[in-house]
Amino acid sequence: DCTFSKMYALETLLVDYNHVVRIDKMWFRETKKLLFASFTYNNINFIHEVAFIELDELFQLRLSGNRLTKIDIRNIDAENLDIDNNSIRSLYVNKQVKKVLRLDAQSNMISKLRCDHNPKLVGLILTNNSLTDLNCISKMRRLELLYLGQNKIRTIDRSIFANLINLVTLSLENNEIDFLEQGIFEQQLGLR
């Protein structure tokens, strides 16, 4: 199925509030100029792992409010990726993620966050999930914006924030934190 293939001039695609259930492999073949694609509030439960691989100009991809339980973000070349309000249980941000700078994964069921060293990610929104362990956050050294509110975080090791010197915005509200070690944010001189 080549639904949107060879639409050479297509820059904006809005397919919000429909009944789409899957995004297949060949949908965007040779659709090189797409900048903004939005599939919010459909019934999408499957995205082929290379469905968005050829979209070199893609700035924002919105997949909010669907039925996704997993997503492979390695082959999504959007600077801004919205996967909020789905049913994703684990998220893997690895070093093969090419272009994603801001990732919004709030209001899922994420309890497991795994990551490699990812120098490109500057914004991460994980509000309203089930996170307890933040160890891999320390590998995301370029983070400027980090939202972790409404999770199940009890403790925060001092080493988590040691390398996050670019952090400007941090949200930890509505967790189960009972103690913050003195000096835990001393490296965040730009924190507002």
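Overview of values
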| item | result |
| --- | --- |
| Matching residues, segment 85-108, being in a loop (DSSP other than H, G, I, E, B) and open to solvent by 20 Å² or more (accessible area, probe 1.4 Å) | 85, 87, 89, 95, 96, 98, 99, 101, 106, 107 |
| All positions within segment 30-40 that are over 17 Å from the mean Cα position of the chain (by Cα) and either closer than 21 Å to residue 103 by Cβ or open to solvent by less than 70 Å² (accessible area, probe 1.4 Å) (or both) | 30, 31, 34, 35 |
| Answer residue from segment 66-78, given it is in a loop (DSSP other than H, G, I, E, B) and charged (D, E, K, R) and is modelled with the lowest pLDDT among those | 77 |
| Residue list for segment 114-138, restricted to those being in contact with an Asp or Glu (Cβ under 7 Å, 6 or more places away or on another chain), closer than 18 Å to residue 92 by Cβ and in contact (Cβ under 8 Å) with a residue 24 or more places away in the chain | 125 |
| Condition broken by residue 81, with the remaining ones in (1) without any contact (Cβ under 8 Å) to a residue 40 or more places away in the chain; (2) assigned to a loop (DSSP other than H, G, I, E, B); (3) closer than 25 Å to residue 96 by Cα satisfied | (2) |
| Test: residue in segment 43-59 that is closer than 23 Å to residue 151 by Cα, buried (at least 16 other Cβ atoms within 10 Å of the Cβ) and in contact with a helix residue (DSSP H, G or I) (Cβ under 7 Å, 6 or more places away or on another chain) | no |
| Filter result (small (Gly, Ala, Ser) and either at pLDDT below 95 or open to solvent by 40 Å² or more (accessible area, probe 1.4 Å) (or both)) within segment 159-192 | 159, 162, 183, 190 |
| Those residues of segment 5-28 which are among the charged types (D, E, K, R) and either touching a Gly at 6+ places or on another chain (Cβ under 6 Å) or open to solvent by less than 70 Å² (accessible area, probe 1.4 Å) (or both), in sequence order | 16, 24 |
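The values are calculated or read from the model by the stated rules, or taken from the named source; none is laboratory data. The shown structure was predicted, so the numbers you read here are calculated from the model rather than taken from an experiment. Glycine gets a Cβ as well: all are built from the backbone with ideal geometry, and neighbour counts include every protein chain shown. Protein only, heavy atoms only, side chains kept; ligands, DNA and RNA dropped before computing areas. Shrake-Rupley method; radii C 1.70, N 1.55, O 1.52, S 1.80 Å.
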